[in-house]
Amino acid sequence: MFNMKRLAALAAAVVLALPAVFVAGGAAAQAPATAPATTPIAPAATPPADAAPAMAPAPVAVPVAAPAATASNTEIVDNPYGLQALWHGGDLVARITLGILVIMSMGSWYVIITKVYEQAKMNRQARVADKTFWTASTVQKGAAGLTDGSPYRFIAETGLEASTKHTGLLGNVNMNDWISMSIQRAIDNVQSRTQDGLAFLATVGSTAPFVGLFGTVWGVYHALTAIGIAGQASIDKVAGPVGEALIMTAIGLAVAVPAVLGYNWLIRRNKSAMERVRGFAADLHAVLLATPQPAARA
């Protein structure tokens, strides 16, 4: 149980950390400023050596140095079109929609991880039952050697209880039919436990895209309303808000796809696990019918 809780907490942390990956896209600083550029001063022209002494030297034109270019420091600007802008710029409905999608994603990953853990545990218990139960001298000893909480021990104890309580009004029922009904009830109970959480995955897989689409429609409506009020319909005024609204659809698909894939995968694994449980129950039914009843009650 402790390991399962750690796995569930790790999954929740990973899901919560995913939006930070997208938000942190524009946090890089740009490096150095350009060096100041100066215009070199040309040296004054010297008069020729054979020039007449009466001629005065021509005035030298000293070019004025160009002002040095000031260092331009690039200012770090947060990404105006991302999840952070969507959260801060959205209204209450948009935030609630995004929160619902996050909760759906966390719940889906929690169910997937816990069900995989439970199915792996059932497979280990099946191997233990195959090794220890059928080598025991009696059904009681074989059931006692199984793991507590194991579905195999639950089925074995249910079959033993059915064989020992075949009295009174139940004695009018055929022994074969009574044990079969008891074991079948135990199998149905185990199967219902293996399907816990799968309904949530099916619900998320079918509704998450529409929840994201609702967030997109709501965001586009408010974006177009704000653009109409401002009176500016340029591409930079339209692309940003509409693009932010479309993020909701992408998030809805990102939530739905793992839920659908996990649901189908877990259904297949449950089917394989239940086949082993039914095989064990069928063999136990045959053993209980073949065992003499006085020995079974002892």
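Read-outs: derived from the displayed coordinates by stated rules, not from any lab. Predicted model only: the values in this text are computed from it and were never measured. Every residue, glycine as well, gets a Cβ built from its backbone with ideal geometry; the counts of neighbours run over all protein chains shown.
Model label sites at Gln191 and Leu224, defined 7 Å from Cα along the beta-carbon direction, differ in position by 5.0 nm. Using 0.36 nm per residue and subtracting the Cα-Cα separation, the extra length available between Ala136 and Phe200 on full extension is 19.0 nm. Normalised radius of gyration for the stretch 94-298, please: alpha carbon Rg relative to 2.2 N^0.38 Å, two decimal places. In units of the 2.2 N^0.38 Å rule of thumb, it is 1.62.
Taken along the Cα-to-beta-carbon direction at a fixed 7 Å, the label points for Ala282 and Asp177 span 2.2 nm.
Comparing Val204, Val173, Val111 along the charge dipole axis of the stretch 94-298, the residue lying farthest to the positive side is Val173, per the Cβ-charge model.
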